[in-house]
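In what follows, a structure is listed as structure tokens, so that the remarks can point back to it.
Just so you know, all these numbers are worked out from the coordinates, no wet-lab data involved. Just so it is clear, the model here is predicted, and its values are computed rather than measured. Reconstructed Cβ throughout: ideal geometry from the backbone, glycine too, with neighbour counts over all protein chains shown.
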Protein chains: 2
Amino acid sequence: MKIESAMLEDFARGAAFLGTGGGGDPYIGRLCCAHAIEMHGAPELLPLEALADDAKVFSVAGMGAPTVLVEKLFSLEEAHLAVSKLERFLGRRADAIIAAECGGINATLPVAYAAMRGLPVVDADGMGRAFPSIQMASFNVYGVACTPMVIANEHGESVIIETGSAIAAEQIGRSLVVHMGASAMLSCYPMTGAEAKRTAVAATQSVAYGIGRAIATGRGVGQPVAALLAYLRTTAYYRHAHLLFEGKIVDVERETTRGWVLGRCVLEALEDRGARLEIRFQNENLCALRDGRVIAIVPDLIVVIDRETAEPITTETLRYGQRVSVLGVSAPPAMRTREALAVFGPQAFRLDHPFVPIETLAATP
Amino acid sequence: MKIESAMLEDFARGAAFLGTGGGGDPYIGRLCCAHAIEMHGAPELLPLEALADDAKVFSVAGMGAPTVLVEKLFSLEEAHLAVSKLERFLGRRADAIIAAECGGINATLPVAYAAMRGLPVVDADGMGRAFPSIQMASFNVYGVACTPMVIANEHGESVIIETGSAIAAEQIGRSLVVHMGASAMLSCYPMTGAEAKRTAVAATQSVAYGIGRAIATGRGVGQPVAALLAYLRTTAYYRHAHLLFEGKIVDVERETTRGWVLGRCVLEALEDRGARLEIRFQNENLCALRDGRVIAIVPDLIVVIDRETAEPITTETLRYGQRVSVLGVSAPPAMRTREALAVFGPQAFRLDHPFVPIETLAATP
């Protein structure tokens, strides 16, 4: 399957959904993709299992606070500077491009970059959603080295980082990105096809498209939220999906600090008088508490969407008075193992609550 | 000539003098050198003009606030990580090691590292003194690219930086070093023998030894300051050298910020009642004002020494009550050109005074 221009609106909307509040404005990623496809042709979406074991797979991603990303457009030249520096450093050329995260701009960017390079983009990613930090990837959990990692910016500056751990790479990378103006492009986790097949979360790019498609189709019959939930229930990973809350935003606290957007949002129920939902976020939504009780928690997905249109709402566009639906969705199983939870479970975000799967929480009275 | 262990005490003391207040405790550099020479043998001090045009010359230096450097010992392993990463990145091996600055620890470190590698150390450097920033080097002024530059730390982490300007390399490097704990090792300005001969300040390592030797000899006859001044007047660059002030330190303000030590020191005259000298510094001493009038200014050298022993005193060891002599010394001519002053003249340090050579200031009533 190729990713054609006509698919981009749905793909970008689905990627915004999997961004769980983070990943930046999908409209920007879509424009960037459309331009690249127009210039260079549609890239092949390569099933993960179709990768040759010895294929050279390179990731590309933007790093930084989404509040800055939306103002500072990514350029594919920066992406190419990052990937090509890493290719040169390793002395091997990319056979395929993979997304580090399939949420927001970081889902669409690898598609645009693959188009520019005339390479396939792998139908998979390293998170099955979006996360705020580089080490929070299945690649890291299951043993692919994060470095050498290259960071490049719009001034043609590039930095190659080598560390012993993905956390150290994140810390050094973050300090650089903050210095470089709170956003930059990076390529990390260089891997073989065999490593990608062992560690990546499969089929997430095509699910992103499916989500966007379901919302569009549902809008045609006036039921976008129901259509979306119905589609999610047909997928391999995201099948535990339900409405957590419907309400009006009555409070948003948000600050851009150290290259992240940190904050919380409070909703008041529309129907069920007095009920409140609090959502805490760090770029992405991390935890949803209904009247103080956890009803969904990271790495499961918490997504705020417009109540009427099911349009995903990113953390930086949450506004007082918005009427929204909040969905809870199960994370892929590989993102819920003990090893995985050690890297991006609630404790990794200093949340006091343990991880409990959303389907268990839903079944608890 | 080889740099033997027996020469290190004088060499390190002279390097501290050329450090003009910066560059860290020379005792640490001396220990590091003595150990390397004991393990690997004395390195050759190669005259700058003896370098082959096609020789591969690599620099090595510590970067960070001297207040931190004195607590966090440099290791040659870090130095080797930085240089060897740069060698591998460029695909060429070092034929000789050069000091980026001949002041303080950064004069002795290349000697120790050259000993470890069994390579000659060039009798030259890129500053003819010490400066707080990477771009403030004759290499940069006269057209050697600062990057690729490698920064390495004690955790085995390394970063290769490529930028279009030495200032950008300094800014990115500084933000990394602050993140890495305010000190790290670096290798930058990779160059050929021809480039070194065209841009380096010659003979500064042997002058450092000569300065230390003169102080030691002078102590033997109870006249270290006079012996030091007499020696400086025999050198090619530092021949305008005189006593600026003798006094007691009555005030020291100092803060460690953004990887530097910034501050000022005020002296009260011992003999000439009421006269005061103010010295402003950023790692290195930058400007000396006697009763508000500039009597020496960067890039000329301002050095605070113990009044009795002529021992150089670094900015981080200035203390209330110390009785000191302050010397002013002319910078090498290549460090006083218009191009050079644009990079490290008074304006580069946001000082309001223009550069006037110390010999001109001394002749002005």
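Quick rundown of the values:
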item: Normalised convex hull volume, region A:5-202, alpha-carbon set, Å³ per residue; result: 97
item: Pairwise FRET efficiency - residue B:38 versus residue B:353, Cβ, R0 = 56 Å, nearest 0.05; result: 0.75
item: Debye equation applied to the C-alpha atoms of chain A, log10 I(q)/I(0) at 0.09, 0.11 Å⁻¹; result: -0.44, -0.66
item: Compactness index (Cα Rg / 2.2 N^0.38 Å), region B:194-312; result: 1.19
item: Cα centroid of region A:198-238 to Cα centroid of region B:220-239, whole Å; result: 82
item: Teacher prompt: residue A:239 distances to equivalent labels in other copies, 7 Å Cα→Cβ, nm; result: 9.0
item: Simple spin-label estimate for residue A:323 and residue B:270 in nanometres, 7 Å along Cα-Cβ; result: 8.6
item: Net length gained if the chain between residue B:239 and residue B:217 were fully extended (0.36 nm per residue, minus Cα distance); result: 6.0 nm
item: Chain A - mean residue ellipticity at 222 nm from DSSP helices (-39,500 (n - 2.57) per run, n ≥ 4, rounded to 500); result: -10000 deg cm²/dmol
item: Relative exposure of A:5, A:158, judged by other C-beta atoms within 10 Å (fewest first); result: A:5, A:158
item: Teacher prompt: residue A:363 distances to equivalent labels in other copies, 7 Å Cα→Cβ, nm; result: 9.5
item: Label-point separation, residue B:311 to residue A:248 (7 Å along Cα→Cβ), nm; result: 7.5
item: Size descriptor, Kirkwood hydrodynamic radius, that averages inverse alpha-carbon separations across the protein assembly as shown, Å; result: 28.1
item: Fewest-first sequence of A:191, B:335 by Cβ atoms within 10 Å of each Cβ; result: A:191, B:335
item: Per-pair calculated FRET efficiency, R0 = 25 Å: residue B:54 and residue B:77 via Cβ, rounded to 0.05; result: 0.30
item: Ranked by how many other beta carbons lie within 10 Å on average, peptides B:284-295, B:6-17 from highest; result: B:6-17, B:284-295
item: For the A-to-B rotation axis, chain A residue with nearest beta carbon and its distance in angstrom; result: A:160, 2
item: Two-decimal log10 I(q)/I(0) for region B:166-217, as the Debye equation yields it once each C-alpha is a single scatterer, q = 0.18, 0.20, 0.23, 0.31 Å⁻¹; result: -0.83, -0.85, -0.87, -1.09
item: Over region A:69-184, equivalent-ellipsoid semi-axes from the Cα gyration tensor in Å; result: 18, 18, 16
item: Residue order, fewest to most surrounding Cβ atoms within 10 angstrom, among A:172, A:249; result: A:249, A:172
item: Shielding by other protein chains, A:167-180, mean Cβ within 10 Å; result: 3
item: Number of partner chain Cβ atoms within 10 Å, mean per residue of A:153-163; result: 6
item: Other copies of residue B:323: label-to-label distances in nm, shortest first, labels 7 Å along the beta-carbon direction; result: 8.6
item: Environment charge at residue A:289 (Cβ cut-off 9 Å; Lys +1, Arg +1, Asp -1, Glu -1); result: +2
item: Extent along principal axes [Cα atoms of region A:139-274; Å; largest to smallest]; result: 52, 39, 27
item: Residue-by-residue Karplus 3J(HN,Hα) for region A:340-357, coefficients 6.51, -1.76, 1.60, Hz, glycine and proline x; result: 5, 5, 5, 9, 9, x, x, 5, 4, 10, 6, 8, 7, 8, x, 6, 10, x
item: Reach of residue A:197 by Cα under 18 Å, taken over lysines that are not fewer than 8 positions away in the same chain; result: A:56
item: Kirkwood-Stokes translational diffusion coefficient of region A:103-148, alpha-carbon pairs, 4 °C, 1.567 mPa s, µm²/s; result: 110
item: Protection proxy ranking of A:221-227, B:309-315, B:130-136, A:303-309 - average other beta-carbon atoms within 10 Å, highest first; result: B:130-136, B:309-315, A:303-309, A:221-227
item: Convex hull volume per residue in cubic angstrom - Cα atoms of region B:71-128; result: 86
item: Volume per residue of the C-alpha convex hull in region B:302-365, rounded to whole Å³; result: 140
item: Derived scalar couplings ³J(HN,Hα) [region A:132-137; Karplus, 6.51 cos²θ - 1.76 cosθ + 1.60; whole Hz; x for Gly, Pro]; result: x, 10, 5, 6, 7, 9
item: Base-10 log of normalised Debye intensity for region A:254-365 (one unit scatterer per alpha-carbon) at q = 0.18 Å⁻¹; result: -0.96
